[in-house]
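Please treat every number below as a calculation from the coordinates, not as lab data. Source: prediction; values computed, not measured. Heads up, the Cβs are rebuilt from the backbone with ideal geometry, glycines too, and the neighbour counts pull from every protein chain shown.
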Amino acid sequence: MKQRSQTLTIVTASQGFTDVTREIADFVTASGIGEGVLTVFVRHTSASLLIQENADNDVLSDLGQFFARLVPRGPGLYRHTTEGPDDMPAHIRAALTQTSLSIPIAKGALMLGIWQAIYLFEHRDAGQPREIALHVIGA
């Protein structure tokens, strides 16, 4: 049984989705693990991770618009406004999504479906440097 870990730093441009599949797949390949499981964990409270469709950008656009409607912002809606009007909505969006993913590995590759990609979902307005911890275990 082997294990490997690494931290990726991804700088997001703004609120929305950043495809991190290639960086994560490269880590798995470099680990030399053929069969096992990968854990992906975002080390922040205002960003999250999603596995979502990678074929039609309308899916990501619709998801972003849905979250904007689901978790609105505005004066008086939230008590926590220390870091600006986007901060508490970002925390709520992160709470409704995922901070970690487990993905099986077979034949040295992620077992994602053909239309799946791994996205870092930035919930703040301005781009941020985000850390994603990766850990793979297997043989």
Would you mind ranking Val11, Val42 so that the residue whose beta carbon has the fewest other beta carbons within 10 Å leads the list? Val11, Val42
Given the options Ile92, Phe41, Gln15, identify the residue whose Cα lies farthest towards the positive end of the charge dipole of the chain (+1 on Cβ of Lys, Arg; -1 on Cβ of Asp, Glu). Phe41
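FRET efficiency for Gln52 and Thr9, Cβ-Cβ distance as r, R0 = 22 Å, nearest 0.05?
With R0 = 22 Å, the Cβ-Cβ based efficiency is 0.50.
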Per residue of region 31-37, in order, report the coupling 6.51 cos²θ - 1.76 cosθ + 1.60 (Karplus, θ = phi - 60°) as ³J(HN,Hα) in whole Hz, putting x for Gly and Pro. 5, x, 8, x, 9, x, 9
So which trypsin sites (Lys or Arg not before Pro) in region 3-108 end up in coil per DSSP with only 13 or fewer other C-beta atoms within 10 Å? Arg43, Arg79, Lys107
With x for Gly and Pro, the residue-by-residue ³J(HN,Hα) of region 39-51, computed from phi through the Karplus equation 6.51 cos²θ - 1.76 cosθ + 1.60 at θ = phi - 60° and given in whole Hz, is 10, 10, 9, 8, 9, 8, 9, 10, 8, 8, 10, 9, 9
Value of Rg/Rh across the chain [Cα atoms, Kirkwood radius]: 1.02
